[in-house]
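This report refers to the structure that appears directly beneath it.
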Amino acid sequence: MTTTGDPPCGYAWAEGTADRYGYPAPPRGSSPLAPPPPPPAHGVRPTMADYHRAISHFQNHPGRAGGLTHLRTLTIRGVRAGTISPHEVLFRVRPAAVAVSILAERERQVADVGKLIAARITAAAGTDPERWSTLIDRVESWTGSLLSMLTDDADARPSLPPSRPNAWTGHLWRPANILLALAPAECARHFLTAGAVGTAVRRAGLAQRMAAFVPLSRALVEHTLSSRGSGRARLSLAANAFTPDAVLAELLRWVGEPAIATAVREHDFAGGAVRYEAFQAVRERPEAIRRSLAVLLEYGQQQFLDLLAAVPEDDAVGIHMLIKLAGDALDPDTRRAAYARLAEVCEAEAVWTLDLAYAGSLEAMEPRVRASMAAGSAGSLAESLRTEPFRDPYQGVNVAAAAMRRADLLGRPLPWLR
């Protein structure tokens, strides 16, 4: 389940292992932790008083996950309701990372405030590459307000450490990525490539983490794909749910990094063509294919059909193998559509034997396949299997994700702020 302002993709990406109360699982053999009270309720019209109560709650329960995500949601609701003003977002919301994070919200009321905040950030940094680099560095650790970060003023008022483990949960937006996306191209490249040895090492570590989050920007992607990027960063980029297909295809060309192909095979939203290329890398390894299909098919029934559609028509053996190795992970509607694809590229006997082997008996076979087999006629088996079309249960999710994965967005991330 997503939270307000998350990517409209229906999935939640929680970081780390946590139980339903947000605490990490206790060590084996120890007593379970007592669940903490929930954060104070704030309704749909929260104010800064609610914000301060929430900060106090997470300070009193430092092991609890999701503190910054909770503050972000509270702030967005307040901005939407008009009970938290742009002035308060700039001057009073802290840490600064929370104020920056609302720039990812595209709903008009919040995006209008986001434009004001973005304009204040760009006015403060201008076209100074080192100034932008400093801000991107700071947003990961600054505990004060956004204004205090922009003006280099100390802010000792109560806050939460932005770098606390599991402070963000349930979404992939990160403040450092947002600031890098706002920065002029030359300033973004400066952050990724310049600095003294210690600074450069720290920024390289941050860039490596940023590859796993959004928004992605052209500077970050190009850096990760270059010789300056690390193998771990490339793997993070390959596993990022919103990495465009063109970038995934480029990642697959990195020799000696087989984990990238695994990440693309199991990717949440990759297109059929690039996923097929990743499966080709392990064509002679059925167990690797089976493992990747098990991961993919938990939420990717449509993605599996897209994969089959991308298999060339002269590769009926490949389609047959993928269906066979998917096994019980295929929903009935998906299996029918997969059989239809196989029937389009080869003789009906291949579909008959495949379904009989899967079902174990004539009685348990897919009725249309059994009828075709009993009649001994291939006929229009593919057409008959499509009489009940596949209905993607995650259609809205997949359509929204496709819009966010467009390659052109790398050159203009956060378009609602421009």
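If I model a spin label at S141 and R391 as a point 7 Å from the Cα along the Cα→Cβ vector, what separation in nanometres do I get?
With each label placed 7 Å out from Cα toward Cβ, I get 5.4 nm.
Taking a probe of 1.4 angstrom, what is the accessible area of L362 in Å², to the nearest 10?
Accessible area of L362: about 90 Å².
Suppose the chain between R283 and A34 were pulled fully straight at 0.36 nm per residue; how much longer would it get relative to their current alpha carbon spacing? Mind showing how you got there, number by number?
Values: separation 249, 0.36 × 249 = 89.64 nm, distance 4.86 nm.
Result for the pair: 84.8 nm of gain on full extension.
With r as the distance between the Cβ atoms of A194 and R418 and R0 = 25 Å, compute the FRET efficiency 1/(1 + (r/R0)^6) and round to 0.05.
Numbers: r = 26 Å, r/R0 = 1.03.
Here the calculated transfer efficiency is 0.45.
Rounded to the nearest percent, how much of the accessible area of the stretch 41-84 (1.4 Å probe, protein heavy atoms only) is carbon and sulfur? Walk me through the numbers on the way to the answer.
Working: 810 of 1610 Å².
Carbon and sulfur atoms account for 51 percent of the accessible area of the stretch 41-84.
Give me the percent of accessible area attributable to carbon and sulfur for the stretch 181-251, probe 1.4 angstrom. Mind showing how you got there, number by number?
Numbers: 1550 of 2790 Å².
Carbon-and-sulfur percentage of accessible area, whole number: 55.
Quick one: which residues, 5 or more positions from W173 or on another chain, have an amide H under 5 Å from its amide H? H modelled 1.01 Å from N in the peptide plane, none for Pro or chain starts.
Those qualifying (amide H under 5 Å, at least 5 residues apart or on another chain) are V214.
Please turn the phi angles of the stretch 343-353 into ³J(HN,Hα) values with the Karplus equation 6.51 cos²θ - 1.76 cosθ + 1.60 (θ = phi - 60°), one per residue in order, whole Hz, x for glycine and proline.
5, 6, 10, 8, 5, 4, 4, 5, 5, 4, 5
What is the diffusion coefficient of the stretch 341-418 in µm²/s, taking the Kirkwood radius over Cα pairs and the Stokes-Einstein relation at 10 °C with a viscosity of 1.306 mPa s?
Working: Rh = 15.7 Å.
Answer, rounded: 101 µm²/s.
Among A337, A350, A249, which one shows the biggest mean-square fluctuation in a GNM of the chain, springs joining Cα atoms closer than 10 Å?
A350
How large, in Å, is the chain by the Kirkwood hydrodynamic radius built from its alpha-carbon pairs? Don't skip to the answer; put the middle values down first.
Values: mean 1/r = 0.0421 Å⁻¹.
After inverting the mean inverse Cα-Cα distance, the result is 23.7 Å.
Based on Cα coordinates alone, diagonalise the gyration tensor for the stretch 160-204, multiply each eigenvalue by 5, take square roots, and list the semi-axes in whole Å, largest first.
So the equivalent ellipsoid measures 23, 15, 7 Å along its semi-axes.
Provide the per residue accessible area, probe 1.4 Å, for the stretch 48-94, rounded to a whole number of square angstrom.
Numbers: 1550 Å² over 47 residues.
Per residue, the stretch 48-94 has an accessible area of 33 Å².
Just to be sure I understand: with springs between alpha-carbon atoms less than 10 Å apart, which residue in N177, N60, N240 has the highest mean-square fluctuation in the Gaussian network model of the chain?
Comparing N177, N60, N240 in the GNM, the peak value goes to N60.
At a 1.4 Å probe, what is the % contribution of carbon and sulfur to the accessible area of the stretch 274-366?
Working: 2170 of 4210 Å².
C and S fraction of accessible area: 52 percent.
Once the mean 1/r over all distinct Cα pairs of the stretch 135-218 is inverted, what Kirkwood radius in angstroms do you read off? Walk me through the intermediate numbers first.
Working: mean 1/r = 0.0725 Å⁻¹.
This gives a value of 13.8 Å.
Give the distance, in whole Å, between the Cα centre of the stretch 254-274 and the Cα centre of the stretch 45-64.
Centre-to-centre distance over Cα atoms comes out at 40 Å.
Ignoring GluC sites (Glu not before Pro) that are buried or in helix or strand per DSSP, and keeping those with at most 14 other beta carbon atoms within 10 Å, what is the longest stretch of the chain between them? Walk me through the intermediate numbers first.
Working: sites that count: E107, E284, E298, E313, E347, E363.
Here the longest segment lacking exposed loop sites spans 108-283.
Using just the helices of the chain, give the 222 nm mean residue ellipticity in deg cm²/dmol: DSSP H runs with n ≥ 4 each add -39,500 (n - 2.57), and the total is spread over all residues, rounded to 500.
Numbers: 23 runs with 228 residues, N = 418.
About -16000 deg cm²/dmol.
The values are calculated or read from the model by the stated rules, or taken from the named source; none is laboratory data. Quick caveat, the model's predicted, so the values are computed rather than measured. Neighbour counts are summed over all protein chains in view; Cβ atoms, including those assigned to glycine, are modelled from backbone coordinates with ideal geometry. Side chains are part of the model used for accessible areas, which takes the heavy atoms of the whole protein and leaves out ligands, DNA and RNA. Shrake-Rupley method; radii C 1.70, N 1.55, O 1.52, S 1.80 Å.
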